[in-house]
Every structure is written in structure tokens, then in C-alpha cells.
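The values are calculated or read from the model by the stated rules, or taken from the named source; none is laboratory data. Every value quoted in this text rests on a predicted model; they were computed, and no experiment measured them. Here the Cβ positions follow ideal geometry from the backbone for every residue, glycine too, while neighbour counts run over all protein chains shown. Remember, those area values only see protein heavy atoms, side chains included, never the ligands or the DNA or RNA. Shrake-Rupley method; radii C 1.70, N 1.55, O 1.52, S 1.80 Å.
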Amino acid sequence: MMNIKLSTYLLVAMATAITACTPNRQEESQAFKVDNPFGNALVPDMIADASITEFDGVFYCYATTDGYGKGLETSGPPTVWKSKDFVNWSFEGSYFPSATDQKYWAPSKAVKANGKYYIYPTVNGYMYAAVADCPDGPFRLARGENKFELPSTSSTFLQIDNRSGIDAEVFIDDDGQAYAFWGRRCVAKLDKDMITLNDKVDTIVTPRKAYSEGPVFFKRKGIYYYLYTQGGDERYQYAYIMSRVSPMGPYEIPEEDIISTTDYKQGVFGPGHGCVFNVEGTDDYYFAYLEFGRRSTNRQTYVNRLEFNDDGTIRQVKLDMKGVGALRKVKRDKKIKIDTIYASSIAQPLDIKPMKDSLFKRTEYFVPEFAIDGANGSRWMPDCNDRDNWIVADLGCVKKIHRSEVYFVRPTAGHAYVLEGSVDGKNWQPCGGHLDKQMKSPHNDTLQQRWLTR
């Protein structure tokens, strides 16, 4: 359980316990101030393998949901984060209900064809094609019965002798021909039905030969770009090749072919599996990537601008955790400034140990201030033994509050909560929340006005 008290005072009670570990007292932890080492992650959750696209002025982010504590043995459910401005993101429920309890990784971008939308996730280690009437879903398997069995079903995307494969990405060229790319540098043409691959699977020849996954493919000004990962953990990086002829090549090897790699000065480690997208109607391109984070499957995703030289080659990305801000102008409600914030307890700082790069060093903090700093990468978390946890946001004086938004850690697990308000910090009245567990983010409440005025 977690409670949040916000004042002119408001109280939220949340219903899913969240990690962390050794008991500690709030007053001891709040005796020092710490900086947020995580900057502004893309969404308020741990995600990886992001595929971002835009339909009708709305950005969609399909991704692997991280942070479930069992490494590569599990994942969170399929959720698509949506935003009109690229700053404020939300989701509600699962866009692929039949896959909710499966190990769901690395969905492709949704692509529009045949009057429908197609997506290509890796489920239980195998790629599948799924289809829906809109990019929000609900998606269902595009071939065969809409259910999953372990380890795989007859509905897999690959219908060849070796059906295993991960990290599909689909590109539709200007002439309507679709191509599928997936891990280990594989590529094949895709029939018009968007689920049948040409029998001939080619391997893209790249100058760097290390294990590769998370392919990214796009076209800009007549040039085709193929991005492929190298390595993993803190040493994850992206290289690329380019073609002026076809998605099947032949490819040119740029002199400077690494576009993302660890930046020690910026504290960005292992920038890996992500995507490239551009804003509709512009020549503005962006590079999204997972960051090494808390080892294994506890990653967050960041976005930086992707820039090109006059000859079409890609400049190495200037990595940072600041984010790129709003990509579309959207009118938003004015935020109320919080005077003081405090909580029932605080999780102990967590030191992250390096895996293969001895220079990696990071400590996570979970102080209450991180709940209101406006950054998606940071978070307040209570001590794991605190079963009656709460957090109070004191506005300093009585103010009218029209609406509240509450973002939970591990939002795809679902949460229930109670929201209360007070004008004196002593007498509390219910003003929002819900007792049933709901899988969405944020949780919104239109507040009762009577306790907000004297």
C-alpha cells in the first residue's frame, strides 16, 4: 500500500507494494538532498525496445515493459503510451489482451496497410504478426487462433523451418513493397497481406560482426538507413550502413558508422535497442534508445535529436537524459506549485554494480521530492516494510484544485488508491481515487470543491 497526501492538502492511497529494502526513517533520509541522476526519461515507467510512430497528430510508443524483477524471464503486459505533445504520456489497459500474460518483448511500430494496422511483437521468444482496426488496438493474432501456447504456436510470423527470431521491424517503401527486418541482420520481402514473408531470407552484411538485435530501418531523402546494435549491457551501441538503391542493398559503409555509444561525461551507459522516427510534415528526426539503468530488465528510454551531414551520413548522436521537450503545441492546465512534500518513509539508496564496464557507477535515490520534479526518470518509493505508506504535498496555503494526476511506479501492475484533501493537515475528506485496481497511467481525479475553499 502507498498513500499520497496532497495539501491544501490531498491524500492518495495506492495498492501495489513497490520494491526496495532495508527499513529506514523518513527524517533520517530527508536530512540530505540528492540530485536526480536519471534526467527526463521518455515515459513515467521502465521501458525498453521502444518503437515510436505518429498517427493523426498522436505519438504512439510501443515497447517492452520492464521492471518486474525477474530479468529476462518475464515482462510487463503490452501497453501503448500515447501523447499529443511528446511530453505528457498516458496509457489505459492492454492493446493486445490475449498477450497480456505472456512474455511480451520488442513490439515493432504499428504500420498501416490494407485499411488496418499491423504490429510485430516477440512473444515468448518468437515473432508474431498482429492486426487491429486502429493503432490503439485491440490487436489479435493475424494468423490462426488468437491465443498463445508455450513455447510457440503455429501462428508465428516465420513460417520456415527455423521459426525462432526476435525484434521484428517492418518498413513499407514508397512503391508499397513491405520489408521485414529482425535480429541477427535478417531481412525479407513481405507480401501485401502483411503476414506472409518471401521464402528468401537474406542476411545484411555489415562491417561489424558482433551479435546484433534491435534493427532500425528508415528512409530519408531517397537514402535507406539500416541501424544495428552491437554488444549489450553498458557497452550496448548502434552502428549503421546506408543504401541509395534498395532496402536489400547494396549498402555503403560510412567512415564514422557508430551513432550511439556510452557517454561517460553525460552518464549515459549502453544506449541500445530503440528506434528512429520523424515528426509528420517535417525533416526533424529523433533517436530513441534504452539506457543500461539498473542492470538487465530495469531500463528506461530516452530520446535525442538525430542529425545528418549534407552527404546524408548520420552524425553521432549527442546523448543526454534531458529529453527533447514538446514536439507539438498542446494547451495544458496550469500546474500548482507545491510548497513542501514529505512521506511516511523512503526506500534506502540503491547502489548499482557494473556488469562489464568498471567505470559504470550509479546510485538511485527515492526521495519525496522526486515525485514532483516533473521528470519521468526519477521516483519516490517507500520502504518495502512500510505497509501504510503515504506522501503529502503541502501547497502552503488554501487553493482551488480542479484536477489531479497520479503516476505510479510500475503502472502496468494496476493500482487502487484513495485521495483525500484537507485545509489544515488534520481533518481529511475523500476527494477521489478508486478501490478497484486499474491498469493505466496517470490516474485522474476531478476534485470536489467544497473542501478547497474556506
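Which residue is nearest to residue 103 (Cα to Cα), if the candidates are limited to segment 131-168 and must be assigned to a strand (DSSP E or B) and open to solvent by 20 Å² or more (accessible area, probe 1.4 Å)?
Step one: list which residues in segment 131-168 are assigned to a strand (DSSP E or B), which gives 131-132, 140-141, 156.
Next cut, open to solvent by 20 Å² or more (accessible area, probe 1.4 Å) only: 131, 140.
On the way: 131: 19, 140: 16 Å.
My answer is 140.
When segment 52-70 is filtered for residues that are of a type outside the set (A, V, I, L, M, F, W, C) and open to solvent by less than 20 Å² (accessible area, probe 1.4 Å), the ones remaining, listed by number, are 54, 60, 62, 64, 65, 66, 67.
Could you identify the single residue in 445, 383 that is acidic (Asp, Glu) and touching a Gly at 6+ places or on another chain (Cβ under 7 Å)?
Numbers: 383 fails: touching a Gly at 6+ places or on another chain (Cβ under 7 Å).
Going through 445, 383 in turn, the sole match is 445.
Among the residues making up segment 257-269, those that are open to solvent by 10 Å² or more (accessible area, probe 1.4 Å) and not hydrophobic (A, V, I, L, M, F, W, C) are 257, 261, 262, 263, 264, 265, 266, 267.
Per the conditions (1) over 19 Å from the mean Cα position of the chain (by Cα); (2) modelled with pLDDT of 95 or more, the sole criterion not satisfied by residue 330 is (2).
If you check every pair at least six apart or on different chains, which have Cβ atoms under 9 Å apart with a residue in segment 117-141 that is over 24 Å from residue 213 (Cβ atoms) first and a residue that is among the β-branched types (Val, Ile, Thr) and part of a loop (DSSP other than H, G, I, E, B) second? Listed by first residue and then by second, the contacts come to 131/195.
Residues are listed down the side, and each one gets a yes or a no for (1) of a type in the set (D, E, K, R); (2) open to solvent by less than 50 Å² (accessible area, probe 1.4 Å); (3) not in a loop (DSSP other than H, G, I, E, B):
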| residue | (1), (2), (3) |
| --- | --- |
| 331 | yes, no, no |
| 335 | yes, no, no |
| 351 | yes, no, yes |
| 357 | yes, yes, no |
| 360 | no, yes, no |
| 374 | no, no, no |
| 383 | yes, yes, no |
| 393 | no, yes, yes |
| 396 | no, no, no |
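Of all residues in segment 250-269, those satisfying the criterion of being assigned to a loop (DSSP other than H, G, I, E, B) and within 15 Å of residue 40 (Cβ to Cβ) are 266, 267.
Which one is nearest to residue 410 (Cα to Cα), of the residues in segment 425-442 that are basic (Lys, Arg) and assigned to a strand (DSSP E or B)? Within segment 425-442, the match that is nearest to residue 410 (Cα to Cα) is 440. The requirement of being at pLDDT 90 or above, within 30 Å of residue 237 (Cβ to Cβ) and out of contact with any Cys (no Cβ under 9 Å at 6 or more places or on another chain) is not satisfied by residue 344.
Taking the criterion of being in a loop (DSSP other than H, G, I, E, B), over 16 Å from residue 68 (Cα atoms) and open to solvent by 20 Å² or more (accessible area, probe 1.4 Å), the residues of segment 94-111 that qualify are 94, 109.
The C-beta contact set for segment 44-56 (first residue of a type in the set (Ser, Thr, Tyr), second residue open to solvent by 10 Å² or more (accessible area, probe 1.4 Å) and part of a loop (DSSP other than H, G, I, E, B), distance under 7 angstrom, 6+ apart or interchain) comprises 51/109; 53/109.
Only one residue in 240, 224 is open to solvent by less than 50 Å² (accessible area, probe 1.4 Å) and over 28 Å from residue 139 (Cβ atoms), so which one is that? Of 240, 224, the one residue that is open to solvent by less than 50 Å² (accessible area, probe 1.4 Å) and over 28 Å from residue 139 (Cβ atoms) is 240.
Restricting attention to segment 298-312, which residues are in a loop (DSSP other than H, G, I, E, B) and either farther than 29 Å from residue 356 by Cβ or open to solvent by less than 10 Å² (accessible area, probe 1.4 Å) (or both)?
Step one: filter segment 298-312 for residues in a loop (DSSP other than H, G, I, E, B), giving 298-299, 307, 309-312.
307, 309, 310, 311, 312 - these are the residues of segment 298-312 that are in a loop (DSSP other than H, G, I, E, B) and either farther than 29 Å from residue 356 by Cβ or open to solvent by less than 10 Å² (accessible area, probe 1.4 Å) (or both).
Filtered by the rule that a residue be within 22 Å of residue 178 (Cβ to Cβ) and either among the aliphatic types (A, V, I, L, M) or touching a Leu at 6+ places or on another chain (Cβ under 7 Å) (or both), segment 91-113 gives 106, 110, 111, 113. Note on segment 270-282: among residues that are in contact with a Lys or Arg (Cβ under 8 Å, 6 or more places away or on another chain) and part of a loop (DSSP other than H, G, I, E, B), the one that is surrounded by the fewest Cβ atoms within 10 Å (Cβ to Cβ) is 279. Each residue in segment 189-201 was checked for being modelled with pLDDT of 95 or more and either among the hydrophobic types (A, V, I, L, M, F, W, C) or touching a Gly at 6+ places or on another chain (Cβ under 9 Å) (or both), and 4 pass. Could you list, ordered by first residue, the pairs with Cβ atoms under 6 Å in which the first is in segment 189-210 and part of a loop (DSSP other than H, G, I, E, B) and the second is open to solvent by 70 Å² or more (accessible area, probe 1.4 Å), at least 6 apart or interchain? Short answer, once both residue conditions are applied: 198/189; 207/253.
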